[in-house]
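Step one of this worksheet: look at the structure below.
The values are calculated or read from the model by the stated rules, or taken from the named source; none is laboratory data. Model, not experiment: these values are computed from the prediction. Using ideal geometry, Cβ is built from the backbone for each residue, glycine included, and neighbour counts are taken over all protein chains shown. To get the accessible areas, we keep the full protein, side chains included, count just its heavy atoms, and leave off ligands, DNA and RNA. Shrake-Rupley method; radii C 1.70, N 1.55, O 1.52, S 1.80 Å.
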Amino acid sequence: MAKAKIKNNVPTKSRTKEDLAVVGKNWSRLDGADKVSGRSIFADDVRLPGMLFAKVVRSPYPHARIISIDTSEAEALPGVKAVITPEDAKDIWIGISQPLLPTENVTHVGHEVAAVAAMSEEIAAQAAALIKVEYERLPELLDVEKALKEDAPQLHEKAALNIGWQQEEEHGDPDAVFAECDVIREDTYITNPSHNCYAEYHVCVADFTKPGKLKMWTPTQTAHLFQQSLAAGFKLPASDVRLLTLNTGGGFTGRTSTRPHHFLAALLSRKAGKPVRLRAAGDEEFIMCRAGGKVIYKLRSGASKDGKLKVIEADLLFDTGAYIESQMIVTLLTSKYIHALYPIEASRYRGRLVHTNHLPYYFHHGGGIAQFQFALGQHVDALAREMGMDPVEFNLLNAVEEGHTTMEGAHYASCGLKECIEKTAAMAGWNDKYGKLPKFKGIGIGIGAMASGAKGLYKHDTSAAFVKVTEDGKASLFVGLPDMGQSSHTTMAIICAEVLGILPTDITVISGDTDTDPLDIGAFTQRGTFNTGNATKNAAIDARDQLAKTAANILEVDEAQLVFRDGKVYPEGQEDKAIAFAKVVYKTLHSREGRFVMGRGFYNSPLEKGTMAYSFGAQIAEVTVDPGTGVVTVDKMTASHDVGRAINPRVVEGQIDGQIFSGMSQVLYEETLMEDGQVMNPSRLDYKMPRAFEMPEVDHIIVESIDPNGPFGAKEVGEGPIVCTMQAIANAVTNAIGDQVTEMPLAPWRVIRAIKD
Amino acid sequence: MAKQLIALTVNGDPYEVAVSPHQTLLEVMRDSLNLTGTKRGCTAGSCGVCTVNGEQGEVILSCLALAVEWDGRSVTTVEGVEEGNELHPIQKSFLEHGAVQCGFCTPGLIMSAKALLDVNTSPSETDINEAMAGVICRCTGHIKVKKAIKEAASVLREREVNHGES
């Protein structure tokens, strides 16, 4: 790894905004012009010669034995090019426990049973309807608590009491600390099943026509893990699987692993010898989307009478659906956040993933952490009130600070949490409002922490980057991090430009092809800015150091004195001697050495587990509750986030806005209503999200704690803000009606019931 | 069912295309004319990403419009909004005010905004809310979208004034 030989651009605590040429200014996204003019290509826009269209046959029952599958009529239909049944999918597994197509039993509504590829979507749909599947119904398990009962049917041989995964953790001596507490409180919260609802439906195009070589175009948050998973499924070397990520129409924690449709499209393509597109049609989107399932949170905590929080205990029960692939992540993540915000003395955590005959649930936006904080934030708010404390005062008294190390070992090298709480409370006018509002008006606070990366989920947490500097003084930046809308490619260009002393618009970001991209584990656990940002910075420094040799020779100074800025290179303090950056590049190539400048860099957390950086935030919600209907209107949100350093402030605001939308949407509206294992509201009309007119005014406060390990001090804003939103709104509703609504979403009927009780 | 030949003008370009009676305007534009700027979302009229504008400036959900009904008529899609090689003020404003994230619903947002601003360059908050109510955008929370529309409106108002003076 190249060492930063040059003083310029080295981030230190003392660096001010003025020291930075392009970081910290507002930049429009580099792919924006294409996106506003219809030129951006998404997977559904891919058109390949001879491309076929797929349709999946799905189980209508939550649990049944397959007696027979008759595909003869479908195969006879003109235009049908391939039909696959469980026979064709033998030995292909999704994760560790799910066969791609079930050989014996279907275990959830929507379970894939067979699939067809045909000349058009219409013919494919006709053919799918002609496939006759005979079933014998089996006893169904549709309730997560009933699934735990001794007499409940057991869905998997190895999962006693239907517990597919259990994690227990204890730090300190919780029982001893509880015994010392003056106040102990217990609450139970519930979050309900939901759907990611990205604008771009589930889709992929597979080209498996060349033997042993699979190409796939699909939206993803991690091309690398998709590549690994498809390679494992088809028993191919990973490099023979090529993932092509075009634009990704939103991620929201829902595109972090492969799903059956990716494998089915590939299998159909191999069988038909043609490329195949598979896209969710209409309500199918809701039964193939593996977002969050129902979760029950039992929380207990204790404090001393002076208001110090001392111990937290959490027992979480997750409906994990029919299979487990990588959902264990949700307990690994939530267990960390029990002691992320408060320096408590002891904690106890248990998380259980319980099988039911629901579709395998993964996560909704917020990765289980935001939903857990809906519970914890309300619980702690209630504890504060029980002790007669103002929640802001309580949070300020208890919040973690810079230098803190949690019981789980997370070290906060920078932490602006208290600053976030103070500034948010001041801007929202908390002291003039809390306890002083008219009936049915409420104000509430939510605070959160978020890790930038999650080493430990995988052995490494690596991002890599290449920088290619071209003769004309511009550069191409190669990264494997997908941009699902978070503007990460532009963020990387800004970081690269700052190091090279050129403009972000001079940089072309090349990404979306596993054949050319350097490895990046992906855009999840909000790791992009910190991890890929550091990789990009390292790659740019490597490139710059190669150029520095030339510049130092021309200018006859030591490399360490050089400044790269504004498209020029000059000795520090002597801008009049500046030579053009492009000239330095030119001279480096057009020389005896003939050096073509390519920088390489990577970043991986140096820790055994976990990340070096954590971001923090606070949000205050103001709401009005209609006592007649129970409808909650969010009047205003004041949101702060400690991002370390805002690389592109307007994008930081946009990330905050989007997460307020999603948090508000989840806490007030979003629920996939389940009945007998069926989704009862599988459409964007019936599954409600806020429309433009329902969005509140949002005030943003960007707190910059300048992290010592972040690229130019940056941490993250990818998923931190949403952690605060749900709890802030729920606490504001409690403040308005005088009672907690403990089940999410806070649908009008639940609010009314709380008011009447 | 027999296909029918229709004459359809998209962004000023004339097309003759054979369509089945049940085919939607969205399907014909994307699959027959290869105009993929208009995105396919829910195909049930609830998400708004497929929004295009009719010749009278109507807001059309192209996933619900039958192509045969558009015989002899014209539509504008997101691919036809640019003015020459320049972005339209609405597009520019979306870009400059951070109203674009994943970009999948952006065509629907732009066409909804255009339908509004083509007839009203001084929209109230309510006008904007109503005009944008048909498009679901999970990324932006609509906040910067509304700001971009207000800013674009002021550019377009200025243009009207200048045009009036010249």
* Structure fact -> Listed by first then second residue, the pairs whose first member lies in segment B:144-164 and is within 11 Å of another protein chain (Cβ to nearest Cβ) and closer than 16 Å to B:LEU95 by Cα, whose partner is of a type in the set (Asp, Glu) and open to solvent by 70 Å² or more (accessible area, probe 1.4 Å), with beta carbons under 9 Å and at least 6 positions apart or on separate chains, are B:LYS146/B:GLU125; B:ALA148/B:GLU96
* Asked: So B:THR43 fits all but one of (1) within 17 Å of the chain's Cα centre (by Cα); (2) farther than 19 Å from A:GLU284 by Cβ; (3) open to solvent by 40 Å² or more (accessible area, probe 1.4 Å); what number is the exception?
  -> (2)
* **Of all residues in segment B:23-55 being among the small types (Gly, Ala, Ser) and touching a Gly at 6+ places or on another chain (Cβ under 7 Å), the one that is nearest to the other protein chains (Cβ to nearest Cβ)** => B:GLY37
* Asked: Going through segment A:659-685 one residue at a time, which ones are closer than 16 Å to B:ARG138 by Cα and free of Cβ contacts under 8 Å to residues at least 12 places away in the same chain?
  -> A:LEU685
* Asked: Do we find a residue being out of contact with any helix residue (DSSP H, G or I) (no Cβ under 8 Å at 6 or more places or on another chain), of a type in the set (S, T, N, Q) and crowded, with 24+ Cβ neighbours inside 10 Å anywhere in segment A:532-548?
  -> yes
* Structure fact -> Contact list, first residue from segment A:387-411 and farther than 17 Å from A:LYS310 by Cβ, second anywhere and surrounded by 17 or more Cβ atoms within 10 Å (Cβ to Cβ) and modelled with pLDDT under 95, beta-carbon distance below 6 Å, six or more apart or interchain, is A:ALA410/A:GLY610
* **Filtered residues of segment A:608-631 (kept if open to solvent by 60 Å² or more (accessible area, probe 1.4 Å) and either at pLDDT below 95 or within 22 Å of the chain's Cα centre (by Cα) (or both))** => A:GLU608, A:LYS609
* Would you call A:GLY718 under 30 Å from A:MET612 (Cα atoms) and within 14 Å of chain B (Cβ to nearest Cβ)? -> yes
* Asked: If you check B:GLU58 against the conditions, is it crowded, with 18+ Cβ neighbours inside 10 Å, away from every other protein chain (no Cβ under 12 Å), under 24 Å from A:ARG691 (Cα atoms) and of a type in the set (Asp, Glu)?
  -> no
* To do: Scan segment A:376-400 for residues that are within 21 Å of A:GLU313 (Cβ to Cβ) and open to solvent by 30 Å² or more (accessible area, probe 1.4 Å) and report the count.
  => 4
* Looking only at segment A:197-221, count how many residues are assigned to a strand (DSSP E or B) and not hydrophobic (A, V, I, L, M, F, W, C). => 2
* Asked: Here are some residues: A:TYR434, A:TYR362, A:TYR412. Which one is closer than 30 Å to A:VAL113 by Cα and either modelled with pLDDT of 95 or more or in contact with a Ser or Thr (Cβ under 9 Å, 6 or more places away or on another chain) (or both)?
  -> A:TYR362
* Asked: If you check A:GLY658, A:GLY738, which single one turns out to be open to solvent by 10 Å² or more (accessible area, probe 1.4 Å), at pLDDT 95 or above and out of contact with any strand residue (DSSP E or B) (no Cβ under 7 Å at 6 or more places or on another chain)?
  -> A:GLY738
* Does segment A:126-141 contain any residue that is under 30 Å from A:THR331 (Cβ atoms) and touching a Gly at 6+ places or on another chain (Cβ under 7 Å)? -> yes
* To do: Among the residues of segment A:673-682, write down those that are among the polar types (S, T, N, Q) and open to solvent by 30 Å² or more (accessible area, probe 1.4 Å).
  => A:GLN678
* To do: Determine if segment A:287-296 includes at least one residue that is part of a helix (DSSP H, G or I), at negative phi and at pLDDT below 95.
  => yes
* Can you find even one residue in segment A:713-721 that is more than 21 Å from the chain's Cα centre (by Cα), outside the structural domain of A:ASN26 (by TED's automatic domain parsing) and either more than 27 Å from A:LEU376 (Cα to Cα) or buried (at least 20 other Cβ atoms within 10 Å of the Cβ) (or both)? -> yes
* Subset of segment B:10-22 that is open to solvent by less than 30 Å² (accessible area, probe 1.4 Å) and either assigned to a loop (DSSP other than H, G, I, E, B) or closer than 19 Å to A:ILE41 by Cβ (or both) - its residue that is nearest to the other protein chains (Cβ to nearest Cβ) -> B:SER20
* Structure fact -> Picked from segment B:129-143 (must be more than 7 Å from chain A (Cβ to nearest Cβ) and among the small types (Gly, Ala, Ser)), the residue surrounded by the most Cβ atoms within 10 Å (Cβ to Cβ) is B:ALA131
* If you go through segment A:645-664 one residue at a time, do you hit one that is part of a strand (DSSP E or B) and within 13 Å of chain B (Cβ to nearest Cβ)? -> no
* **Residues located in segment A:133-186, provided they are under 30 Å from A:THR103 (Cβ atoms), of a type outside the set (Lys, Arg), assigned to a helix (DSSP H, G or I) and open to solvent by 50 Å² or more (accessible area, probe 1.4 Å)** => A:ALA160, A:LEU161
* Asked: Does any residue of segment A:453-470 turn out to be surrounded by fewer than 17 Cβ atoms within 10 Å (Cβ to Cβ), out of contact with any helix residue (DSSP H, G or I) (no Cβ under 9 Å at 6 or more places or on another chain) and under 26 Å from A:ARG600 (Cβ atoms)?
  -> yes
* If we keep just the residues of segment A:267-308 that are under 30 Å from A:TYR198 (Cα atoms) and hydroxyl-bearing (Ser, Thr, Tyr), which is farthest from the other protein chains (Cβ to nearest Cβ)? -> A:TYR297
* Asked: Quick one: what pairs do we get from segment B:76-98, first residue without any contact (Cβ under 8 Å) to a residue 24 or more places away in the chain, second open to solvent by 50 Å² or more (accessible area, probe 1.4 Å), C-beta under 9 Å, 6+ apart or different chains?
  -> B:GLU86/B:LYS92
* Tally, over segment A:89-119, of residues that are surrounded by 16 or more Cβ atoms within 10 Å (Cβ to Cβ) and of a type in the set (Ser, Thr, Tyr) -> 2
* Asked: Given the structure, is A:GLY663 among the small types (Gly, Ala, Ser), buried (at least 21 other Cβ atoms within 10 Å of the Cβ) and more than 30 Å from A:GLU386 (Cβ to Cβ)?
  -> no
* In segment B:78-133, the residues that are of a type outside the set (D, E, K, R), over 24 Å from A:GLY251 (Cβ atoms) and assigned to a loop (DSSP other than H, G, I, E, B) -> B:VAL81, B:GLY84, B:ASN85, B:LEU87, B:HIS88, B:ASN120, B:THR121, B:SER122, B:PRO123, B:SER124, B:ALA133
* To do: For B:THR76, work out the one condition from (1) buried (at least 24 other Cβ atoms within 10 Å of the Cβ); (2) under 13 Å from the mean Cα position of the chain (by Cα) it doesn't fulfil.
  => (1)
